[in-house]
Amino acid sequence: MPSLPPEYADLHRDTLAVRAAVERTAYGENSEALFLTSGYVQPSAEAAARRFAGEEDGFTYGRYGNPTVASFEQRLAALEGAEACISTASGMSAILMMCMGLLKAGDHVLCSRSMFGSTIKLIGSDLAKFGVESSFLPQADAAAWQAAIKPNTKLLFAETPTNPLTEVCDIRALADIAHNAGALLCVDNCFATPALQRPMALGADIVMHSGTKYLDGQGRVMAGALCASEELVTKSFLPVLKSAGMTLAPFNAWVCLKGLETLDIRMQAQSARALALAHWLESHPSVARVFYPGLASHPQHALAMAQQSGVGGAVLSFEVQAQGDEQARQRAFHVLDSMRVLSLSTNLGDTKTLVAHPASTSHGRLTSEQRSAAGVTQGLIRVAVGLEHLQDITADLDRGLTSF
């Protein structure tokens with residue numbers, strides 16, 4: 001995997017976001033090249049042998065690596081302050097790669113019970129079939145994480161903020177708990193991104209991304225990534241990639257690579273709109289509660305502001321006023337079906353505002369008990385705020401909220 005030039009070490013993140021990449025080709029392209037190739041011609045049989053053995057840098061096969069993919073990995077690692085990065089076809093495949101690379105039958109994982117629904121199912125159900133134990137704990141209760149540590153605990157995994165209730169965990173506290181137990185801490189940084197939060201600077205060992213979200217930023221492609229030490233990437237994760245083939249396509253890597261160039265300004269602009277929308281929703285008579293780290297009413301507001309550069313992020317959730325689950329679901333659906341401008345979509349990270357009902361979509365595969373433990377109610381609506389004018393966003397939501 002090519003490394004960045006030494007002179008890049010002192011550059012600011014804004015500069016790295018547009019400059020960090022593999023070396024230009026002889027053609028001198030200013031925009032990073034898109035390499036569409038499945039194989040590479042080797043200079044000699046000896047060089048090929050060394051490269052396949054990992055004794056010499058060089059690309060050998062499309063499943064193992066690609067210059068465009070390497071550029072995306074270098075740029076994301078630089079933004080996260082990590083030694084290395086390895087990318088995958090989706091965020092979920094990045095989690096699978098991490099678990100396959102670090103865990104075996106009999107190992108134990110601690111996870112937030114407020115994590116993304118597919119993450120809970122993958123770790124709690126799918127990996128359980130292969131003998132991996134897991135415990136799901138309250139996101140913000142560090143004491144509960146400490147109490148749940150076992151001799152066979154190998155990994156702690158948390159999102160911060162979580163999807164969809166925007167719960168925040170104390171990254172440094174969880175890192176200390178993990179390291180004292182001889183375990184690793186992984187943080188899903190999809191919501192905050194390195195534009196707002198750098199978990200490795202707070203003690204995390206691994207940072208996981210779904211590049212499908214804000215790294216792309218316009219809802220075009222799927223991608224995933226793990227940022228970690230060079231040793232973890234090369235010895236634990238790369239062998240899994242080579243064997244299992246959850247490889248990121250070069251075109252998708254190129255899209256995310258270019259998306260990183262505007263990540264900071266998008267996150268700042270979308271977060272500002274999210275904060276204004278959160279205040280508007282908090283004062284709306286049809287809204288029971290708003291979940292957003294940028295609000296003073298958020299239980300972990302002070303911690304979020306300390307960890308997230310004083311910015312709440314671009315995702316919020318709110319519950320509609322209702323009596324009972326049936327009415328709550330009916331009213332939430334009414335708000336969604338009354339929209340004329342905003343998109344009813346379960347993705348997030350787009351420049352378009354995306355609105356979803358988590359209980360029936362992203363968390364629909366969970367049991368009612370799991371949804372209840374995660375706080376995902378039938379009246380909950382998640383909003384991933386885009387770049388539309390705030391008045392157009394509020395008007396589109398108000399149409400449903402004022403016509404129950």
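The values are calculated or read from the model by the stated rules, or taken from the named source; none is laboratory data. Everything numeric here is computed off the predicted structure, so don't read it as measured data. We place every Cβ from the backbone using ideal geometry, glycine too, and count neighbours over all the protein chains shown. Surface areas here come from the heavy atoms of the whole protein model, side chains and all, with no ligands, DNA or RNA. Shrake-Rupley method; radii C 1.70, N 1.55, O 1.52, S 1.80 Å.
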In the stretch 377-389, residue nearest to the chain's Cα centre (by Cα) [restricted to those that are open to solvent by 10 Å² or more (accessible area, probe 1.4 Å) and closer than 21 Å to ALA288 by Cα]: THR377
Hey, GLN308 of a type in the set (S, T, N, Q), surrounded by fewer than 20 Cβ atoms within 10 Å (Cβ to Cβ) and on the phi < 0 side of the Ramachandran plot or not: no
Tally time: how many residues in the stretch 289-332 are without any contact (Cβ under 8 Å) to a residue 60 or more places away in the chain and in contact with a Lys or Arg (Cβ under 7 Å, 6 or more places away or on another chain)? 1
Test of understanding: among GLY219, GLY224, which residue is more than 19 Å from ALA304 (Cβ to Cβ) and surrounded by fewer than 23 Cβ atoms within 10 Å (Cβ to Cβ)? GLY219
Every residue from the stretch 174-192 that is open to solvent by less than 10 Å² (accessible area, probe 1.4 Å) and either acidic (Asp, Glu) or farther than 21 Å from ARG13 by Cβ (or both): LEU174, ALA175, ALA178, ALA183, LEU185, CYS186
Residue among LEU11, LEU36, LEU16, LEU4 that is open to solvent by 70 Å² or more (accessible area, probe 1.4 Å) and in contact with a helix residue (DSSP H, G or I) (Cβ under 8 Å, 6 or more places away or on another chain): LEU36
Considering only residues that are under 14 Å from the mean Cα position of the chain (by Cα), of a type in the set (S, T, N, Q) and in a loop (DSSP other than H, G, I, E, B), which ones fall in the stretch 174-226? ASN189, GLN197, THR212
Sole exception among (1) open to solvent by less than 10 Å² (accessible area, probe 1.4 Å); (2) touching a Leu at 6+ places or on another chain (Cβ under 6 Å); (3) under 21 Å from THR262 (Cα atoms); (4) not β-branched (Val, Ile, Thr) for ALA78, by number: (1)
Of the criteria (1) part of a loop (DSSP other than H, G, I, E, B); (2) surrounded by fewer than 23 Cβ atoms within 10 Å (Cβ to Cβ); (3) in contact with a Leu (Cβ under 7 Å, 6 or more places away or on another chain), which one ALA269 fails: (1)
Quick check on my filter: what residues within the stretch 193-213 are open to solvent by less than 10 Å² (accessible area, probe 1.4 Å) and over 23 Å from ALA175 (Cβ atoms)? GLY211
Could you check, for the stretch 248-264, whether at least one of its residues is in a loop (DSSP other than H, G, I, E, B) and either charged (D, E, K, R) or within 17 Å of the chain's Cα centre (by Cα) (or both)? yes
Which one is surrounded by the most Cβ atoms within 10 Å (Cβ to Cβ), of the residues in the stretch 108-129 that are out of contact with any Ser or Thr (no Cβ under 8 Å at 6 or more places or on another chain) and either closer than 20 Å to ALA181 by Cα or of a type in the set (S, T, N, Q) (or both)? THR119
Given the residues SER362, SER343, which is the only one that is among the small types (Gly, Ala, Ser), touching a Ser or Thr at 6+ places or on another chain (Cβ under 9 Å) and modelled with pLDDT under 95? SER362
From the list VAL240, VAL233, which residue is in a helix (DSSP H, G or I) and open to solvent by less than 10 Å² (accessible area, probe 1.4 Å)? VAL233
Heads up, the helices (runs of 4 or more DSSP H) in the stretch 59-170 (entirely inside) with at least 3 residues that are at pLDDT 95 or above and touching a helix residue (DSSP H, G or I) at 6+ places or on another chain (Cβ under 7 Å) are 67-80, 91-102, 142-148
Which condition number in (1) within 19 Å of ILE177 (Cβ to Cβ); (2) open to solvent by 20 Å² or more (accessible area, probe 1.4 Å) is the one that ALA105 fails? (1)
Got a number for residues in the stretch 349-378 being touching a residue at least 24 places away in the same chain (Cβ under 8 Å) and over 17 Å from GLU167 (Cα atoms)? 14
